[in-house]
Amino acid sequence: MSVNSQHDAREVPVSACAPQSLEDFETALVQFHSYFGDPVETMQATLNNDPEFVLGHIFVASAMLIMGERQYISAIRNSIERAEALSTKSNDREKMLVHAARQWMEGRWDKACETWDRVLTDYPRDAMALQLAHLTDFFRGDALNLRDRVGRTLTHWHRDVPGYSYIQGMYAFGLEECNQHKIAEETGYYALSIEPRDGWAVHAIAHVLEMQGRYDEGITLYTERVNDWAPDNGFAFHNWWHFALYYMERDDFNGALGLYDSRILPQPCDLSSQLLDASALLWRLMLQGVDTGSRWDELADMWASKTELENGYYAFNDFHALIAFVGAERLSAAREILAAVENTAAHSTGLNAMMSRDVGIPACRAMLAFGEKRYAETVSCLVNLRPIANRFGGSHAQRDILSQTLLDAAIRDGQLALASNLLSERKCNKPMTPLSKRYETRIYH
């Protein structure tokens, strides 16, 4: 550790810096946890006044990395290199954090998580490292570490430690992804009792309600707390997407479409995470025969402005770009994305190569086949894919698009015995919802 050091609000050591820089870091960290405000902008302003603030450069690089887009790599590399150039004044923790950021940038997301784990072993209250690892576990579809990486630090936290509610919110989501729904819901509400504006905690509860088919309770949850999680929040579009899924389950497709227009994608966007939610909702509506008008074309235009740079960077994003092109009947553009995913699988060495090979390729082929009405091929691609689909990231709720497409393709291809089995599986995971009844009607009538 550097001889000249101080500590943040959680007693985690920070190399010597101006007191105001450390105060600004705490502001940015809360923004990072809560999705209120722009943490990168906050920290960049601090670095303009204190360019040797090592933790500030690490924070900027890491916060941009976790957006999961190639377009930020140049800026990320610059921040990493500036932090590395200050290694003589960095403490041991900061050196590990810089190393993790470089590993992430180079596509070694699993190695970055191992490095963050080493940080958290020595500094279990490093809230920044914990959230970075948590979100990367989500990108990697690592449900066990979504839960257990947070769990390994919990004995070092308590209600009086700044940021405790956000740690509980992360833990709630990890519990849900491990199908521990009761304790996940309790933990999520506990987090909200401390910080009602925690969008990640309300999101964790929303996942529980989605997985259990409790769509009316989900609508109530979001409606009653809308003034906490929605206004001016950078994560609100995704919570609105979950809100729309409840409308889907209760057969209210106009309600879902209304949220798409007003909340999920109300204007042109350049953020992959927001565009993929739009793709995922339109695809679900398409499966139900809903006329979405010009929305597919508008969405495909937004993806088209990004794909030349982003193709092959993250298979989960590639998949959702492809289904936008399939929905817009731009099949040549969809094939270009499939080719990029195949090229990544064949020639890249990072974790995304495995994601692309194991899940991205068959998932993209399945959706392209669906768009070309080759439903038997869609079934063939998806029937054995779902048990390993977590390997390209996302949540149970997000990956349900594969299950719904498989069920729909089986019905369209006349594979009604398979469709009946898939519907039975669905009813075991959640009570019979109006959406499931629609599938039942198609199978048996």
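Listed by first and then second residue, the pairs with beta-carbon distance under 6 Å, at least 6 apart or on different chains, first residue in the stretch 117-133 and farther than 12 Å from residue 59 by Cα and part of a helix (DSSP H, G or I), second open to solvent by less than 10 Å² (accessible area, probe 1.4 Å) and of a type in the set (Ser, Thr, Tyr), are 120/153. Examine the stretch 96-105 for a residue that is modelled with pLDDT of 95 or more, part of a helix (DSSP H, G or I) and open to solvent by 70 Å² or more (accessible area, probe 1.4 Å), and state whether such a residue exists. Looking through the stretch 96-105, at least one residue is modelled with pLDDT of 95 or more, part of a helix (DSSP H, G or I) and open to solvent by 70 Å² or more (accessible area, probe 1.4 Å). Of all residues in the stretch 106-126, those satisfying the criterion of being under 21 Å from residue 155 (Cα atoms), open to solvent by less than 40 Å² (accessible area, probe 1.4 Å) and under 20 Å from the mean Cα position of the chain (by Cα) are 113, 116.
Looking at this structure, is residue 99 over 18 Å from residue 174 (Cβ atoms) and not polar (S, T, N, Q)?
For residue 99, the condition - over 18 Å from residue 174 (Cβ atoms) and not polar (S, T, N, Q) - is met.
Only one of the listed residues (136, 88) is part of a helix (DSSP H, G or I) and in contact (Cβ under 8 Å) with a residue 12 or more places away in the chain. That residue is 136. Out of all the residues in the stretch 187-194, is one or more outside any helix (DSSP H, G or I) and touching a residue at least 12 places away in the same chain (Cβ under 8 Å)? Looking through the stretch 187-194, none of the residues is outside any helix (DSSP H, G or I) and touching a residue at least 12 places away in the same chain (Cβ under 8 Å).
Remark: residue 52 matches the filter, which requires a residue to be of a type outside the set (S, T, N, Q), part of a loop (DSSP other than H, G, I, E, B) and surrounded by fewer than 21 Cβ atoms within 10 Å (Cβ to Cβ). Within the stretch 1-23, being in contact with a Pro (Cβ under 7 Å, 6 or more places away or on another chain) and open to solvent by less than 20 Å² (accessible area, probe 1.4 Å) holds for one residue alone: 10.
Residue 161: touching a residue at least 40 places away in the same chain (Cβ under 8 Å) and either open to solvent by 40 Å² or more (accessible area, probe 1.4 Å) or in a loop (DSSP other than H, G, I, E, B) (or both), yes or no?
Judged against the criteria, residue 161 is a match.
Can you find a residue in the stretch 24-39 that is among the β-branched types (Val, Ile, Thr) and open to solvent by less than 10 Å² (accessible area, probe 1.4 Å)? Scanning the stretch 24-39, I find no residue that is among the β-branched types (Val, Ile, Thr) and open to solvent by less than 10 Å² (accessible area, probe 1.4 Å), so the answer is no.
When the stretch 212-243 is examined, which residues are found to be in a helix (DSSP H, G or I) and open to solvent by 30 Å² or more (accessible area, probe 1.4 Å)? Of everything in the stretch 212-243, those that are in a helix (DSSP H, G or I) and open to solvent by 30 Å² or more (accessible area, probe 1.4 Å) turn out to be 215, 216, 217, 220, 223, 224, 226, 227, 228. Can you name the condition, by its number, that residue 364 falls short on among (1) open to solvent by 50 Å² or more (accessible area, probe 1.4 Å); (2) not in a loop (DSSP other than H, G, I, E, B)? Just one mismatch for residue 364, condition (1). Looking across the stretch 389-424 at every residue that is without any contact (Cβ under 8 Å) to a residue 12 or more places away in the chain and over 24 Å from residue 278 (Cβ atoms), the one that is surrounded by the most Cβ atoms within 10 Å (Cβ to Cβ) is identified as 421. If the condition is being in contact with a Lys or Arg (Cβ under 8 Å, 6 or more places away or on another chain), assigned to a loop (DSSP other than H, G, I, E, B) and either open to solvent by 50 Å² or more (accessible area, probe 1.4 Å) or hydroxyl-bearing (Ser, Thr, Tyr) (or both), then the stretch 349-359 contributes no residue at all.
The values are calculated or read from the model by the stated rules, or taken from the named source; none is laboratory data. These numbers were taken from a predicted model, which means no experiment stands behind them. Reconstructed Cβ throughout: ideal geometry from the backbone, glycine too, with neighbour counts over all protein chains shown. Areas reflect the complete protein model, heavy atoms only, side chains present, ligands, DNA and RNA absent. Shrake-Rupley method; radii C 1.70, N 1.55, O 1.52, S 1.80 Å.
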